[in-house]
Amino acid sequence: MTEIDTRALRDAFGSFMTGVTVVTTRDKSGAPVGFTANSFSSVSLDPPLLLVCPGKFLSSHDNFAECEHFAVNILADGQQDISNTFAGFKGDRFAKAANSEGHHGLPLIDGALAQFCCETHQAIPAGDHTVLIGKVNAFTHAKGNGLGYVNGSYFSLGLEREMDAKVPTVCGAIIEANGKVLLERNDGALRPVQIASVEPGGQRNRLAEGLSGRGINAQIEQVYSSFNDIETNLHYTFFLASSDRNTPTDDAEWISVSDLPDLTYASRGIHHMMTRYAVEAREGVFGLYLGDAERGEIHSFR
């Protein structure tokens, strides 16, 4: 049997688009504990069952593997900070996230799109995780969009739908591979790879088709920048994207991220965007820009 590359397998699993949840319970002393999980699924309506999979590497794993009751909170679009808190913050996580008490005295995350209070039905050891199956005893559900996650990054279905509803748009991708970004030349100036103006709707799919048609193999991730540019009289939507190799192309070149701020671009709006990208890539924290070429707001992804 061929040995499996666990890093590659994790990346493959990560290509499945999911929502994000925070799973909570109380330890034996009654203190609240919780962790972020996208390993959540409904199991049955009759009886009402769901499952989550706490990893054995979690400091709170035994609390969940041995608990009698637990809750699952499906996070709403915009609750990235709560997800990050329960994924990695080492202090009092509940002090950083508004919460209330639900059925069985379980801690529930305020503002969550849905909340399920469960009694433990089964806890099944499975490799480096435990499959925790709960019987739903109470739940709440609000209207709205859930927080999305794919390929190690958050995405906003609501924002992407909003982008698709706009006027015809020039779509592009900031494609990164091994510390370099793929840029194309237009009348001697540079810009990220883009496709011609598209009608509203399905911009992600049309961009993917356009890149594939040019022989560019890239994984399209979240929307990075959406802005009107009076200099070109066009609306632009750029996505982040990644590639596993710096494949040469006939009409584009790979340029180091550190060199991006000092280049000559096709417009000031693109120059501003690429300068911001260089800073955020160095810090490892990206945000979504909405506005025009000169001013707007940045919404944090993570």
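The values are calculated or read from the model by the stated rules, or taken from the named source; none is laboratory data. Please read these numbers as outputs of a predicted model, since none were measured by experiment. So basically every Cβ, Gly included, is an ideal-geometry build from the backbone, and we count neighbours across all protein chains shown. Protein only, heavy atoms only, side chains kept; ligands, DNA and RNA dropped before computing areas. Shrake-Rupley method; radii C 1.70, N 1.55, O 1.52, S 1.80 Å.
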*Just give me the residues in segment 113-125 being more than 22 Å from the chain's Cα centre (by Cα), open to solvent by less than 60 Å² (accessible area, probe 1.4 Å) and among the polar types (S, T, N, Q), in sequence order.*
Thr120
*Can you tell me which residues in segment 74-112 are in a loop (DSSP other than H, G, I, E, B) and buried (at least 20 other Cβ atoms within 10 Å of the Cβ)?*
Leu75, Gln79, Ala97, Gly102, Leu106, Ala112
*Within segment 198-205, can one find any residue that is basic (Lys, Arg), under 24 Å from Gly78 (Cα atoms), in a helix (DSSP H, G or I) and out of contact with any Pro (no Cβ under 7 Å at 6 or more places or on another chain)?*
yes
*Quick check: is even one residue across segment 39-55 free of Cβ contacts under 8 Å to residues at least 40 places away in the same chain, hydroxyl-bearing (Ser, Thr, Tyr) and within 20 Å of Lys90 (Cβ to Cβ)?*
no
*Any idea which of (1) part of a loop (DSSP other than H, G, I, E, B); (2) at pLDDT 85 or above is the one Glu253 doesn't satisfy?*
(1)
_Residue that is farthest from Thr169 (Cα to Cα), among those in segment 269-291 that are surrounded by 14 or more Cβ atoms within 10 Å (Cβ to Cβ) and among the charged types (D, E, K, R)_ = Glu280
*Within segment 206-231, considering residues that are under 19 Å from Tyr289 (Cα atoms) and open to solvent by 50 Å² or more (accessible area, probe 1.4 Å), the one modelled with the highest pLDDT*: Asn228
*Picking from Tyr236, Tyr265, which residue would you name as being hydroxyl-bearing (Ser, Thr, Tyr), open to solvent by 10 Å² or more (accessible area, probe 1.4 Å) and touching a Phe, Trp or Tyr at 6+ places or on another chain (Cβ under 9 Å)?*
Tyr236
*Restricting the search to segment 126-144, which residues are touching a residue at least 24 places away in the same chain (Cβ under 8 Å) and either in contact with an Asp or Glu (Cβ under 8 Å, 6 or more places away or on another chain) or open to solvent by 40 Å² or more (accessible area, probe 1.4 Å) (or both)?*
Ala126, Asp128, His129, Gly134, Lys135, Asn137, Phe139, Thr140, His141, Ala142, Gly144
*asked:* Can you say whether Gly179 is touching a helix residue (DSSP H, G or I) at 6+ places or on another chain (Cβ under 6 Å) and modelled with pLDDT under 70, as far as the supplied structure shows?
replied: no
*Within segment 18-63, work out how many residues are of a type in the set (Phe, Trp, Tyr) and either under 20 Å from the mean Cα position of the chain (by Cα) or open to solvent by less than 40 Å² (accessible area, probe 1.4 Å) (or both).*
2
